[in-house]
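A quick write-up on the structure given underneath.
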Amino acid sequence: MTGLAAMAVVIPAHNEQELLPAALAAVDRAALHPALTSTRLVVVVAADACTDGTQSVARGAGALVAPLDARSPGRARAAGAALALRTLGLDPGAVWIASTDADSEVPPLWLAHQLARAGQGWDAVVGTVRPHGWPPALGDVIRSHIREYEAAGRHPGLPDIHPHVHGANLGVRADAYLRCGGYPALATGEDHALVAALRTGGHRVLCTRRLPVLTSARLTARARGGYGDHLGRLADPVRQFGRDAGGAEGAARARTA
């Protein structure tokens, strides 16, 4: 097994000029870890059907940009990974592809952690996420979701194991990634499909609860069927109650006017 000489961080984005700066700043902080001193790093933003300043934000932060017009997270992640590998020009066995999202912030130890796990012989690292930035009215819903999320898949004596898969917190050795066909061209679930292909191919996949990635709890998700969309569905009853209460209050005011 070839030692790692480089890492790539791939970030798909669709009209993310507002949240992308925080995502890129978090990656920059993670890149400062001493463990990465001798590791080459490229950051690629796959700007998918963007009509705002996403590309300018990315270039201004020093990231490469892979423009496409697919409205597909799967195609976007694949395009970002392909650009990273072309830019690095190295044996894929010497490259690690880390994936996060434009509305997410990785922790400072994120890249060093994935690098260390690769050094232990793991072909992929599958992490967890934690929502942040939710509206106060949704506090109870989100906190209940977090409890259920963290309880899922718990095993006595194996506290790190979990059943979740998120493109916002995922890493894979490039040779294993290519052997499995890379990210499929899916509008949703490309991360699950890649991890399933890795497992089917006999690659070593580490699921870990360590170093969760913060991801936006915004109510309008960019990718249908993804984690953000799931949070939005959880919030729907609360939002509907607010609309109903507002309508009832307006009607009452009209009757007394």
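From the protein chains alone at 1.4 Å, what is the descending order of accessible area for D91, D175, largest first?
Descending accessible area places them as D91, D175.
Hey, could you pull the Cα Rg and Dmax for the range 1-90, both in Å?
Just the Cα atoms of the range 1-90 yield Rg and Dmax of 13.2, 42 Å.
Treat the range 93-190 as a sphere of radius equal to its Kirkwood radius over Cα pairs and apply Stokes-Einstein at 25 °C in a medium of 0.890 mPa s; give the translational diffusion coefficient in µm²/s, rounded to a whole number.
So the translational diffusion coefficient is about 159 µm²/s.
Based on the alpha carbon coordinates of the range 15-164, what radius of gyration and maximum Cα-Cα distance (Dmax) apply, in Å?
17.1, 50
Report the accessible area of L158, computed with a 1.4 Å probe over the heavy atoms of all protein chains in place, in Å² rounded to the nearest 10.
Accessible area, nearest 10 Å²: 90 Å².
Treating the beta-carbon of each Lys and Arg as +1 and of each Asp and Glu as -1, no other charges, what is the dipole magnitude of the range 50-96 about its Cα centre, to the nearest 20 debye?
In debye, rounded to 20, the range 50-96 gives about 60.
The values are calculated or read from the model by the stated rules, or taken from the named source; none is laboratory data. Note that the structure is a prediction, hence the values are computed from the model and not measured. Here Cβ is always computed from backbone atoms with ideal geometry, including for glycine, and neighbour counts include all displayed protein chains. Quick note on the areas: whole protein, heavy atoms, side chains included, nothing else; ligands and nucleic acids left out. Shrake-Rupley method; radii C 1.70, N 1.55, O 1.52, S 1.80 Å.
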